[in-house]
Each structure stands twice: as C-alpha cells, then as structure tokens.
Amino acid sequence: MAGLKRADALVAETGLRLRAEPILARLAPVLEGLDPSLQALGRLLAEEVARIGLANETLRQELAATRRSREDWVKLDPLSYIPGSRRAEAPPPPDSVVMTPRAENFAGAGWHGPETDGQREWRWSGRSGDCATLLLPGLGAGRLRLTLHMIMPFGARWNAERSTLVINATPVALKPVSPPESGQPVLQAEFELVEDAALGPISLVLVMPRYTAPTGGDTRALGPGVMRVEVARAEAG
C-alpha cells in the first residue's frame, strides 16, 4: 500500500509539473509586470488549473478501464479466465512477451492509433495528456527486463529528467541504451515481481512531455511514440 501511494504521488507530481509549465510560460509576460505578491498568486492559480486538468485526465482513464469488456481482459491475460482445474497442466509462462503498435491485445490509454511511414510502425503518446498506460501479459514472478523501442516526434530528443515510469505501482528507473541524440531511443528498466504481484498483467504508466511541430503541419501535441515493447526474464539475457 505504501508503494502504491508513493507511485501515485510520483505520477501526480510529474503530471502536475508538465501541465503547469506551459501555463506558467504563457503567463510569464503578464506576471513579470505585477507586484511580487500577485505574481505568487498567479503561479498558485496556474498550478491549480493544472491540478484540475490532471484530475480530469486521471478520472477519464479510470473510467475507460472500468468500461473495458471481459473480452478485452481475456485477450490480454487469458490464463486468468481459465478454470483452475483446466489450468493444472498448463505450461509455464513464456520467457518474454512482445507488444507492437498493431497487436490485437494492445490495451492502454493515452495512445493515438497505429501509424506508419511504410517501413516503421508506431503509436504516439499524448492523445489525452502527458500520461499513457499499457498492459502487458504477465510472465510470473522473478526479475524482468523491460525494453522500449521509441520514436520521437518533431525532431525532439528523449528527456529523462521530465519522464517517469511506474510498473505495477512501483517507480522504476528507465535508462537509455541508445545514443542521447537518437530520434529512436531504446530504453531499458529492470524490476522484480514477487509471487503475489505477478498473478495478473504487467501494468506500465509512462509520464512524458508532449511536443508540437515548430513550423506547422501536424497540429497535434504528441508525446514519444512506441514501436515495440518487450518484457523478458533478466536471467534469459
């Protein structure tokens, strides 16, 4: 429970900061001409507006999760819906799972639909804010390695300081393993799942900044896109 509260607080803090920054940037010219006490009041109001927006987005994603059909859950984690008597002889979970943009069991919130340039496929994040979620089939207990193959919008570069990863309600360090200037960063994280926490799917929460096109064209505010997600047993290499 304490870990869940810490994860919620971290996601909320990062999401609030990402929402408040552009509001404060737009208000900066006005605030600079005000009395210091009024400047402080303006900043508090901007943070409150950001807090309300973040709360609305959280509620929207929770509502979307409650509306997920039984068929969606069965596709994501079919073993959980097979009676125990029929699972007695079931094989052990695989050593790895892979999720791609057009996968039938792609389940999450905050993502745009699949896109392609003829050679690559991806889903942009940022559809409904700075937070995106993804559910992956479980691999059981043990030490696991997450690998994210991403693509950045509008020539942006991965911003580690403004990004947060939470796996099954636990904040996890996400480390780039590709050159920092790459427009297609590869990121990895290792984490441990104990038996009780490994019964269902693996839940990812990514909080990442959004970007806009500097010269027009695509008018969307887009977050980093995902091209491939893999979770494998760390000992399997």
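Restricting the search to the stretch 78-99, which residues are touching a Lys or Arg at 6+ places or on another chain (Cβ under 9 Å), closer than 19 Å to residue 134 by Cα and either part of a helix (DSSP H, G or I) or modelled with pLDDT of 95 or more (or both)?
79, 98, 99
Could you tell me whether the stretch 195-205 includes any residue that is in contact (Cβ under 8 Å) with a residue 24 or more places away in the chain and either aromatic (Phe, Trp, Tyr) or closer than 12 Å to residue 225 by Cα (or both)?
No: the stretch 195-205 contains no residue that is in contact (Cβ under 8 Å) with a residue 24 or more places away in the chain and either aromatic (Phe, Trp, Tyr) or closer than 12 Å to residue 225 by Cα (or both).
Among the strands (runs of 3 or more DSSP E) lying completely within the stretch 100-152, list those that include at least 3 residues that are touching a residue at least 24 places away in the same chain (Cβ under 8 Å) and of a type outside the set (A, V, I, L, M, F, W, C). Before you say what the answer is, go through the steps one by one.
Details: elements: 121-125, 131-136, 142-151.
Answer list for the stretch 100-152: 121-125, 142-151.
Residue by residue through the stretch 140-157, note down the ones that are surrounded by 20 or more Cβ atoms within 10 Å (Cβ to Cβ) and either more than 10 Å from residue 223 (Cα to Cα) or at pLDDT below 95 (or both).
Within the stretch 140-157, 144, 146, 148, 150 qualify.
Only one of (1) over 18 Å from residue 127 (Cα atoms); (2) out of contact with any helix residue (DSSP H, G or I) (no Cβ under 6 Å at 6 or more places or on another chain); (3) modelled with pLDDT of 90 or more; (4) not acidic (Asp, Glu) fails for residue 227. Which number is that?
Answer for residue 227: the failing condition is (1).
Counting only residues that are surrounded by 15 or more Cβ atoms within 10 Å (Cβ to Cβ) and outside any strand (DSSP E or B), how many does the stretch 185-208 have? Full working, then the answer.
Within the stretch 185-208, the first condition is being surrounded by 15 or more Cβ atoms within 10 Å (Cβ to Cβ), and the residues that meet it are 185-189, 191, 193, 197-198, 200-208.
Checking the rest, the ones that are also outside any strand (DSSP E or B) come to 185, 197-198, 200-201, 208.
Qualifying residue count for the region: 6.
The values are calculated or read from the model by the stated rules, or taken from the named source; none is laboratory data. None of the values given here were measured: they were computed from a predicted structure. Backbone-built Cβ (ideal geometry, glycine too); neighbour counts: all protein chains shown.
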